[in-house]
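Participant: Let me begin by handing over the structure; questions about it come next.
The values are calculated or read from the model by the stated rules, or taken from the named source; none is laboratory data. Computed from a predicted structure; not experimentally measured. Using ideal geometry, Cβ is built from the backbone for each residue, glycine included, and neighbour counts are taken over all protein chains shown. For accessibility, only protein heavy atoms count, side chains too; no ligands or nucleic acids. Shrake-Rupley method; radii C 1.70, N 1.55, O 1.52, S 1.80 Å.
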Amino acid sequence: MKLQISKKEQQDFETFYALSKDREICFHQANKKPIISNYRSNDLARNLHPGYFWVRIKDIKLETNDTKTFILEADRDHGTNRLPRFQAGQYITLQIPLGKGMYIRPYSLSSSFKEHYQITIKRVLHGKISTYFWNTVRIGDTFLARGPYGNFVYQPIRDSEHIVALVGGSGIIPIKAIAEDIVNNKIAAKMTILYGAKTKDDLIFRTELNEYVKTCSNIKVVYVLSEEKKDGYEHGFITRDLILKYQETSHSYFVCGTIPFYQSMNKILKSMDVPNKYIRHDSYMEHDIPEFEEKFDILILSSTGEQKISCKGNQTLMDAMEHEGVIIPKKCGVGVCGYCRSKLIRGEVLTNYDYVRKADKKHHYIHPCSTYPLTNLIIQLPN
């Protein structure tokens, strides 16, 4: 039986056949060079945001009797040829193996961008990691790092040309980096720093800050000592009257210090009717810390399997995990960034849901870095 086709079908076949011939000619005339697999834009993106990279301790400088600055350089032995750029006010995280634990800690960068980084660490009483850096870390030691991260940076579209920095203690670390950028004309702004500390000897970077004031008319520093009276220094604490004494009419506020310091400054700024859009905080979140020390069993589910650990009621889930060597994604460490977002499958917790999306709250997602157990738990970690 002979197959019958219509005239239209015959025309379609002839058109397709001609098209195939035309395509074949185009293929032969096409450029024979291989398709580029690596574009300059991709190289730039990898250099700016490499993910993990390795750093080596290049030098260590004593700042005060309880504060040290660690100079970090690219560790070429681990394949890191250069350190990624950052904005003044940002931070990096370091992965710190200690005992059987694996700890990830965020550290603000205390200098303007150069070929190396500077992190400044204040020794904390009974602080496991700060004590480790003070007593054990030496020049030549290497660490796995990630970042830079953070939005505690000056943005001319958003912020006023005059910054009022309200600083308590080691909160000067990221502020010093921003001030250095102003001195180096990388930021077109003025900055008035109200820097509170216990005594003159507790002021970190006092020499550098005084030099900034001498060489740059856009920097002004007011030292406020709570436990010492000295000529040329304010005495007491940073108050509303003190802020009004030194600020200009147009300003953004950059606040950095301890949690009680944040609480105090926030109350003052609220009493001054300062809109929230003009207030910048370093990574900060208030949350209640339980007082009981009852231990709870935590079953952790991850892509690598299951692991059981214990966690005290006054201990964050993140702290307990790190102590047992459980590696969990981490950036800010205070519950703001959401990088450690995990699913609570079973149990009850005490946590601050202000920084958790409504959908995450509904479906029982938590931030382990700022969450405490109230019962035995089952938790699914992010992949």
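Participant: Please compute the Kirkwood hydrodynamic radius over the stretch 154-270, one decimal place, Å, based on all pairs of different Cα atoms.
Facilitator: Hydrodynamic radius (Kirkwood, Cα only) of the stretch 154-270 equals 14.3 Å.
Participant: If the cut-off is 18 Å between C-alpha atoms, which aspartates and glutamates fall inside it for Lys68, apart from same-chain ones fewer than 8 positions away?
Facilitator: Asp59, Asp141, Asp201, Asp202, Glu208
Participant: Can you list residues from other chains, or at least 5 along the same chain, whose modelled amide H is less than 5 Å from the amide H of Ser111?
Facilitator: Amide H neighbours of Ser111: Gln118.
Participant: Right, something else. So which trypsin sites (Lys or Arg not before Pro) in the stretch 187-236 are both in a DSSP loop and have at most 15 other Cβ atoms within 10 Å of their Cβ?
Facilitator: Lys198, Lys229, Lys230
Participant: OK, next. Tell me the relative contact order for the stretch 141-200 as a rounded percent, counting alpha carbon contacts under 8 Å between residues six or more apart.
Facilitator: Averaging sequence separation for qualifying contacts and normalising by length gives 41 percent for the stretch 141-200.
Participant: For the stretch 1-158, what does the equivalent ellipsoid look like in terms of its semi-axes, each the square root of 5 times an eigenvalue of the Cα gyration tensor, given largest first in whole Å?
Facilitator: 61, 18, 16
Participant: Once label points are set 7 Å from the Cα along Cα→Cβ at both Leu19 and Asn210, what is their separation, rounded to one decimal in nm?
Facilitator: That separation, rounded to one decimal, is 8.2 nm.
Participant: Moving to a separate point now. Over the stretch 293-382, what is the mean sequence separation of C-alpha contacts under 8 Å (at least six apart), divided by residue count, expressed as relative contact order in percent?
Facilitator: Relative contact order here is 38 percent.
Participant: For the chain, set up a Gaussian network in which alpha carbons nearer than 10 Å are linked by springs, and say which option among Ser271, Ser170, Ser110 fluctuates the most.
Facilitator: Between Ser271, Ser170, Ser110, it is Ser271 that shows the largest mean-square fluctuation.
Participant: For the chain, place one equal point scatterer on every Cα, skip the solvent, and apply the Debye formula. What is log10 of I(q)/I(0) at q = 0.13 Å⁻¹?
Facilitator: One equal scatterer on each Cα of the chain leads to -1.16.
Participant: Right, next: Using unit Cβ charges (K, R positive; D, E negative) and no other charged atoms, how large, in debye to the nearest 20, is the dipole of the chain about its Cα centre?
Facilitator: The dipole magnitude comes to about 980 debye.
Participant: Here's something else I'd like to know. Can you tell me which lysines have their Cα less than 27 Å from the Cα of Lys190? Leave out same-chain residues fewer than eight positions away.
Facilitator: Within the straight-line cut-off, Lys190 pairs with Lys114, Lys176, Lys198, Lys200, Lys214, Lys220, Lys230, Lys245, Lys267, Lys270, Lys277.
Participant: Write down the accessible area per residue of the chain in Å², having rolled a 1.4 Å probe over the full set of protein chains. Walk me through the numbers on the way to the answer.
Facilitator: Details: 21880 Å² over 383 residues.
That works out to 57 Å² for each residue.
Participant: Here is a follow-up. Roughly speaking, what is the stretch gain from His364 to Ala45, that is 0.36 nm per residue apart minus the C-alpha to C-alpha distance, in nm to one decimal?
Facilitator: Result: 111.4 nm gained on full extension.
Participant: Which of the lysines could a cross-linker bridge to Lys21, judged by Cα under 27 Å and excluding same-chain residues fewer than eight apart?
Facilitator: List returned: Lys7, Lys8, Lys32, Lys33.
Participant: Once you order the gyration tensor axes a ≥ b ≥ c over the Cα atoms, which shape class does the stretch 92-171 get: rounded for a/c under 1.5, otherwise prolate or oblate by comparing a/b with b/c?
Facilitator: On the way: a/c = 2.39, a/b = 1.85, b/c = 1.29.
It is prolate, given that a/c is not under 1.5 and a/b is the larger ratio.
Participant: Run the simple label-point estimate for Ser302 and Leu350 please: 7 Å along Cα→C-beta, distance reported in nm.
Facilitator: Here the modelled spin labels are 2.6 nm apart.
Participant: Using a 1.4 Å probe over the heavy atoms of the protein chains, calculate the carbon and sulfur portion of the accessible area of the chain as a whole percent.
Facilitator: Ligands and nucleic acids excluded, carbon and sulfur give 50 percent.
Participant: Tell me which cysteines of the chain come out unpaired when the rule is another cysteine's Cβ under 4.7 Å.
Facilitator: Cys26, Cys216, Cys256, Cys311, Cys340, Cys369
Participant: Still on this model: What figure in square angstrom, to the nearest 10, would you give for the accessible area of Phe16 with a 1.4 Å probe?
Facilitator: Counting only protein heavy atoms, Phe16 exposes about 120 Å² to solvent.
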